[in-house]
Amino acid sequence: MKLGLLTAAFGGRTLEETAAWAAANGYQALEVACWPSGGGEKRRYAGVTHIDVDGFDPDEVHATIDRHGLVISSLAYYPNNLHPDDTHREEVNGHLRKVIDAAQRLGVEVVGTFAGNDKDRPLPENLERFRAVWPPLVGYAAERGVKIAIENCPMLFSYDEWPGGTNLAWAPAIWDEMFSAIPDANFGLNLDPSHLVWLMIDYERAVYDFGDRIFHAHAKDLEIRPDGLYRHGTLSGGIGWQVPRIPGLGQVDWSRFVAALYAVGYDHVLSVEHEDRTFEGSQELVERGFAIARNTLAPLLA
């Protein structure tokens, strides 16, 4: 299993600069951010473009990655693919297709994204929309030899995302509904254990139960603040008490998570997703965060 990182935290750097730093600091793979180059989402860590899928040279990208002895684990684009506004949804679905096209051109096997959600509608209605919107997207990817890996984050961090969050793919029962609707072999998960800690779901069991659907894995940690949970309660959805942390600084037992991944046959990339506010504000802090993650995870991987 290789240690990788999601490039979105290096939004101020080029792909060349990011690859050079990653290779010099013990990383072996990049999950490359592919938001629209003209803007796109302004959410923290979104909107970053390290490969412009509207105009790039595959040979140049390969030369950059190869020069530093790295591989690309996935192309990353995480919008709300079930957005309630038809125009916006069609726009992000269209860009997702471009990312899939780019993956095919680059020979990258996986595209990571969100299922999406209408935060103001109940789960059954969102699943109905999922069954209408997603099969053609998965079919489009299959025709190009690309796997779709849905991350399991609820996307509920602030009150503009409350009460339902903007990604429905957050629990095993929902994954069962998704895979029942789309049993296609190229449709699976980008599994992040931090969100399962947040939701009080057993992340080891999730790996064993869905091992054949795990196409990619994120390494992000999470801290549950007891005082915040006491004050806000679970019906806040996590607002005020769940805190994303660098791997090793939260409550995920990484030895158990990695052991479970190996046990089910996963041997791809564990990609560090840096969203720890303690290590933001300067490139030096971001780099320190990635160094802590490397020191935590690298001894577990071979």
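The values are calculated or read from the model by the stated rules, or taken from the named source; none is laboratory data. This structure is a prediction, so every number in the text was calculated from the model and none was measured. Neighbour counts run over all protein chains shown; Cβ positions are idealised from the backbone, glycine included. The area values use the complete protein model at the heavy-atom level, side chains included, leaving out ligands, DNA and RNA. Shrake-Rupley method; radii C 1.70, N 1.55, O 1.52, S 1.80 Å.
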Legend entry - In segment 13-40, the residues that are farther than 24 Å from Val92 by Cβ, open to solvent by 10 Å² or more (accessible area, probe 1.4 Å) and either out of contact with any Leu (no Cβ under 8 Å at 6 or more places or on another chain) or part of a strand (DSSP E or B) (or both): Arg13, Thr14, Glu16, Glu17, Ala20, Trp21, Ala24, Asn25
Legend entry - Tabulated pairs, segment 104-133, first farther than 20 Å from Tyr45 by Cβ and in contact (Cβ under 8 Å) with a residue 12 or more places away in the chain, second open to solvent by 20 Å² or more (accessible area, probe 1.4 Å) and of a type in the set (Gly, Ala, Ser), C-beta under 6 angstrom, 6+ apart or interchain: Arg131/Ala181
Legend entry - Failed criterion for Val197 (all others in (1) among the aliphatic types (A, V, I, L, M); (2) assigned to a helix (DSSP H, G or I); (3) in contact (Cβ under 8 Å) with a residue 12 or more places away in the chain; (4) over 28 Å from Gly11 (Cα atoms) hold): (4)
Inset, instruction - For segment 109-137, enumerate the residues that are touching a strand residue (DSSP E or B) at 6+ places or on another chain (Cβ under 7 Å) and buried (at least 23 other Cβ atoms within 10 Å of the Cβ). - result: Val110, Val111, Gly112, Thr113, Phe114, Ala115
Inset, instruction - Give just the number: which of (1) under 16 Å from the mean Cα position of the chain (by Cα); (2) open to solvent by less than 10 Å² (accessible area, probe 1.4 Å); (3) more than 22 Å from Asp184 (Cβ to Cβ) does Ser73 not satisfy? - result: (3)
Inset, instruction - Kindly indicate whether Asp227 is more than 27 Å from Tyr159 (Cβ to Cβ), modelled with pLDDT of 95 or more and either open to solvent by 50 Å² or more (accessible area, probe 1.4 Å) or out of contact with any Gly (no Cβ under 7 Å at 6 or more places or on another chain) (or both). - result: no
Legend entry - Lone unmet requirement of (1) open to solvent by 30 Å² or more (accessible area, probe 1.4 Å); (2) in a loop (DSSP other than H, G, I, E, B) for Val53: (1)
Inset, instruction - Return only the number of the condition from (1) crowded, with 22+ Cβ neighbours inside 10 Å; (2) within 17 Å of Ser74 (Cβ to Cβ) that His268 does not satisfy. - result: (1)
Legend entry - Of all residues in segment 79-108 being among the polar types (S, T, N, Q) and closer than 24 Å to Pro172 by Cα, the one that is most open to solvent (accessible area, probe 1.4 Å): Asn80
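Out of Glu17, Glu31, Glu60, report the one residue that is under 30 Å from Tyr262 (Cα atoms) and among the acidic types (Asp, Glu).
Glu31
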Legend entry - From the options Leu297, Leu270, Leu235, Leu285, residue that is under 14 Å from His218 (Cβ atoms) and part of a helix (DSSP H, G or I): Leu297
Legend entry - Of all residues making up segment 145-186, the number that are over 15 Å from Leu82 (Cβ atoms) and in a strand (DSSP E or B): 2
